[in-house]
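Student: I am attaching a structure below and will ask some questions about it afterwards.
The values are calculated or read from the model by the stated rules, or taken from the named source; none is laboratory data. Note that the structure is a prediction, hence the values are computed from the model and not measured. All Cβ positions, even for glycine, are placed from backbone atoms using ideal geometry, and neighbour counts span all protein chains on display.
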Amino acid sequence: MIALSATEAPAAKPQRPAATNTCRVCAPLGAVLAFRGIRGCVPLVHGSQGCATYIRRYLISHFREPMDVASTSFSESTTVFGGKSNLTEAIANLASQYRPEVIGVCTTCLAETIGEDTPGMLRDIARDASAPKTLFVATPSFKGCQHRGFHDTVAAVLAQTAQGGDRLRQINLLAGPVSPADLRHLREVVDQLGLPTILFPDYSDTLDGPSLAEYTPIPAGGVGLEQLARAGRSACTIQLGAVLDPGPGQVLLDRCQVPLKRLGLPIGIGATDAVFDALAEEAGTPLPDRLLAERGRLIDAYVDGHKYFAQKRVAVVGDPDLAAALCGFCAEIGLAPALVATGAATGGRLSAALTGLGIKGAEVLDDTDHDLIAGRLAALKPDLILGPSKSYPSARALGIPLVRVGFPIHDRIGAGRVLHLGYRGTQRLFDEIANTLLAHNQDTSEIGYAYQ
Ligand code: SF4
């Protein structure tokens, strides 16, 4: 880990009447994403149709997969008199058209603002024995963004499904809102270790599936309800995300006494060592040679490429757990974080996580928007931005190269296949960052470039 010096004093957060070009999307989007990691689940957004459309549009442009998100379609009269009849009808329609194993119900700002007793309505609906099973989470966006909505949904689902009992030889792995490629890689690692694992939520197949001859209303994949019921009997929960406090794993600790290990996302050698060693310890076996070989190749790449990062400064934009993990990785390779920005309101936890990673001097923008980020980018002039597609206008205007990570990535193809985690994901990021810096040097060089 290198020691980093301050670049500039952090700017005071300006008082402004509204966000401009937000750096966050809404909480029910996080809920829908988490629900897609449950087998046979259809998400139902209780509120206005526009909310579901917005969520669908964002998720489709990122994952490029069919995305059915149902809505209870609030109208003016629903807003005044309540949405119980809409909710009842929507659940009946979904049951007949999709035949889901479960319906994941989340609320919007409007439903929560008018004080809908959605859990009470769902209890009434469940009195009909033929009604499908539902899971519920309250996700008004005035409580938080997609990051909060995702983790609140994971916690709510575990609270409604997990049962205690005799311990089983298995663990729970709560990976957070990572990419389908990341989830597939984590599954591969625990399989190599022979460690039975409930990886939740798991949308690696439902949001990155094969092309099918016929439209499938509910794509195959996800964690089954019977697996979620057993999550309360696991030997431990490993929860990834350095900024989470306490995070959804706390539910299993409180309700079922499942011990909780909290670790950062495995990006970089140090962070990956910590997560993979914890998994190996639970498995009672050393890391397999294949993973150790990936680690060795990554160290070799660090040796080969470290010179390209000398005296370079980076801005990191994204979900707080991803941003913290990327900063830890950047510091490990000698790329100094100058600006770290997230749309989530972390209450100082992002700054604390960065301090815990030994990162000093980086300016942190918490609960921010892209307008403010653009201003700080112009002032700080980093050499590189790691962030989502929404960082592109700033990157283009300022001539700073952008490596796309996180969510949303809607101006490139293959967002679901962007691997961030493990030695392999770190290797991919390392190569892409180094090559992006090299390409930028070539493209902007006044004397051109030729290999003699
Ligand atoms: S009203 Fe709330 S829930 Fe609906 S799209 Fe806007 S932020 Fe999201």
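Student: Among the residues of region 222-229, is any over 19 Å from HIS151 (Cα atoms) and crowded, with 16+ Cβ neighbours inside 10 Å?
Tutor: No, region 222-229 has no match at all.
Student: Looking only at residues in region 18-61 that are of a type in the set (Lys, Arg) and either within 8 Å of the ligand (Cβ to nearest atom) or touching a strand residue (DSSP E or B) at 6+ places or on another chain (Cβ under 8 Å) (or both), which one is modelled with the lowest pLDDT?
Tutor: Applying the filter and picking the extreme gives ARG24.
Student: While we're looking at this one, here's another question. Considering only residues of region 98-126 that are closer than 14 Å to PRO28 by Cβ and among the small types (Gly, Ala, Ser), which is nearest to the ligand (Cβ to nearest atom)?
Tutor: ALA111
Student: Hey, another quick one. Find the residue count for region 382-413, including only residues that are touching a residue at least 40 places away in the same chain (Cβ under 8 Å) and part of a loop (DSSP other than H, G, I, E, B).
Tutor: The number of residues fulfilling the criteria is 12.
Student: Scan region 347-374 and report the pairs whose first residue is in contact (Cβ under 8 Å) with a residue 12 or more places away in the chain and whose second residue is among the charged types (D, E, K, R), with Cβ atoms within less than 7 Å and a gap of 6+ or a chain change.
Tutor: Hits for this filter: ARG349/ASP245; LEU350/ASP366; GLU363/GLU8; GLU363/ARG376; LEU365/ARG376; HIS370/LYS390.
Student: So, of the residues in region 127-155 that are free of Cβ contacts under 8 Å to residues at least 40 places away in the same chain and crowded, with 21+ Cβ neighbours inside 10 Å, which turns out to be nearest to the ligand (Cβ to nearest atom)?
Tutor: Start the filter on region 127-155 by keeping residues that are free of Cβ contacts under 8 Å to residues at least 40 places away in the same chain, which leaves 127-130, 136, 138, 142.
Still in the running and crowded, with 21+ Cβ neighbours inside 10 Å: 136, 138.
Values: PHE136: 15, ALA138: 11 Å.
Once the filter is applied, the top-ranked residue is ALA138.
Per-residue answers, yes or no, for (1) among the hydrophobic types (A, V, I, L, M, F, W, C); (2) in contact with a Pro (Cβ under 8 Å, 6 or more places away or on another chain); (3) surrounded by fewer than 20 Cβ atoms within 10 Å (Cβ to Cβ); (4) without any contact (Cβ under 8 Å) to a residue 60 or more places away in the chain:
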site: SER61; (1), (2), (3), (4): no, yes, yes, no
site: ALA70; (1), (2), (3), (4): yes, yes, no, yes
site: GLU76; (1), (2), (3), (4): no, no, yes, yes
site: VAL80; (1), (2), (3), (4): yes, no, yes, yes
site: GLU89; (1), (2), (3), (4): no, no, yes, yes
site: GLY120; (1), (2), (3), (4): no, no, yes, yes
site: ILE125; (1), (2), (3), (4): yes, no, yes, yes
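Student: Among the numbered criteria (1) at pLDDT below 95; (2) closer than 25 Å to CYS23 by Cα; (3) within 16 Å of the ligand (Cβ to nearest atom), which single criterion is violated by SER71?
Tutor: It fails just one condition, (1).
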